[in-house]
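Remarks on the structure that follows.
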Amino acid sequence: MLLQDIQEKVNEFVLTNPKNIVENPEMISTSPTSSARMQIWDLPLIGVASATDALWETFKQPDIIGPHHMLPNEWLPGAKSVIVYFLPYTQRIREANRIKGVTATEWLYGRWEGELFNVALRQLIVDLVEKTGHHALAPLLDERFVVADLRSNWSERHAAFVAGLGTFSLSRSLITRLGSAGRCGSVIVDFHLEPTQRTYTKFDEYCSSCGACAKRCPAQAIDKTGKDNGICMLYIQKEKELYTPRYGCAKCQTGVPCENKIPVRRG
Ligand code: SF4
Ligand code: SF4
């Protein structure tokens, strides 16, 4: 199976699957000309990491993720490659959330319904691969996936870094060439795909350290050393109480220079 075949099926799914559309009058929150019908995701970036890349082992270090982080072949024996994608939010959702403070209604739907789409997309890739007689596993759909002390045993952002899709930011988002306002997904497979070249060496190479995300953060969770996950999670928890089952925030990914592009390239 070629990566191009997977990319074509993924793109078709994004363009045609009804889960990528929200139809709700609540959507008309930012402008009287807004439509109640909203697309959540634009076409994704897709990259491939080798399952034996030396970076995976480094994620077990306590100051990166920790020893509970599982390697690709611990999830799927015989793992050869990891397919990773970055789904960018549509312009409508990004622009709506540029307001200060309160989370835009569009973002709340994009975050919740968007992740339901993302679950379906991971499963689509698993099914596509298994139809060819190979094995595939999406860690986030696996019963062994856990989050302990705010750190999960598989990080799709870290997988995206290995797969050449982008680098981390001050707010600990992933900055890709389509920006940071989006979400990742990943599937481990037991056949070889050519790894995508990483065009960066530093973990935060695409971040300009401009500090705009820190100024936007309503919880003051970001400073020049990075993001305090505990403070951020407390804020998100309050959002859940307000908007359950939806929640959101991501002021650090919208209305900032890295929202939809790489703001700068440092050497
Ligand atoms: S807003 Fe500036 S400092 Fe924050 S992540 Fe984006 S580029 Fe980095
Ligand atoms: S998601 Fe919101 S609370 Fe968390 S770091 Fe970003 S701006 Fe701050």
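FYI, it's all coordinate maths here, none of it is from the lab. If you're wondering where the values come from, they're calculated on a predicted model, not measured in any experiment. Neighbour counts run over all protein chains shown; Cβ positions are idealised from the backbone, glycine included.
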Exercise. When the chain is fully extended, how far beyond the present Cα-Cα distance does Val264 get from Lys238, taking 0.36 nm per residue of separation?
Worked result: 6.0 nm
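For the stretch 3-243, what is the relative contact order in percent, using Cα pairs closer than 8 Å and at least 6 residues apart in sequence?
23
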Exercise. Mind checking the dipole of the stretch 179-219: about its Cα centre, +1 per Lys or Arg Cβ, -1 per Asp or Glu Cβ, Debye to the nearest 20?
Worked result: 340
Seminar exercise, completed: Using alpha carbon centers only, the stretch 90-164 is separated from the stretch 231-257 by a whole-angstrom value of 16
Problem set entry | Simple spin-label estimate for Asn11 and Asn24 in nanometres, 7 Å along Cα-Cβ | 3.0
For this session: Using Cα positions and a limit of under 24 Å, work out the lysines in reach of Lys261, with same-chain residues fewer than 8 apart set aside.
Result: Lys100, Lys202, Lys215, Lys224, Lys227, Lys251
Exercise. What aspartates and glutamates could a cross-link reach from Lys60, if we take a straight Cα to Cα line under 14 Å and drop same-chain neighbours fewer than 8 places away?
Worked result: Glu74
